[in-house]
Amino acid sequence: MIRITNTITQKRKKILKQTAGFYGRGHTCRLVAKEKYIKALEYNYISRRTKKRDARANWISQITNTIKLYTNNTLNYSSFIHKLNQHQIQLNRKMLSQLAISEPKTIVSIISTLNLQ
């Protein structure tokens, strides 16, 4: 006779363990739980990308607000980044936003060096 193992039960328990806390039959019924688990993985994949996108948008808005504050709206974000690239200043947007929050005098000095040259 063929020996039958517990693989089906193990698979069911694995899926139900992953979906513990889901709403409705999503944590008790195996077929619904499997569908909801796959959908949750898709949402998780999408959210990892949108988190990065939102963080970059926040950095850009912080840089923009700081530039406009210290230049009296004479310099905008795109021209600021263009001048940084022209003068070969290698600062990424995350570092610029952190400087804008913690050390605004540094941003002012960067702006003055860009305008002087």
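A Förster distance of 41 Å, applied to the separation of the beta-carbon atoms of F22 and R56, puts the FRET efficiency at 0.85. Along region 14-24 the Karplus relation, 6.51 cos²θ - 1.76 cosθ + 1.60 evaluated at θ = phi - 60°, assigns HN-Hα couplings of 5, 5, 5, 5, 5, 9, 4, x, 6, 7, x Hz to successive residues, with x for each Gly and Pro.
Projecting the Cα positions of T50, A33, I110 onto the charge dipole of the chain (unit charges on Cβ atoms of Lys, Arg, Asp and Glu, taken about the Cα centre) puts A33 furthest along the positive direction. Matching the structure-derived Cα extents along the principal axes in Å against the labelled list (i) 59, 44, 25; (ii) 87, 31, 22; (iii) 55, 32, 21 gives the label (ii).
Values in this text are rule-based calculations from the coordinates and carry no lab data. The shown structure was predicted, so the numbers you read here are calculated from the model rather than taken from an experiment. Neighbour counts run over all protein chains shown; Cβ positions are idealised from the backbone, glycine included.
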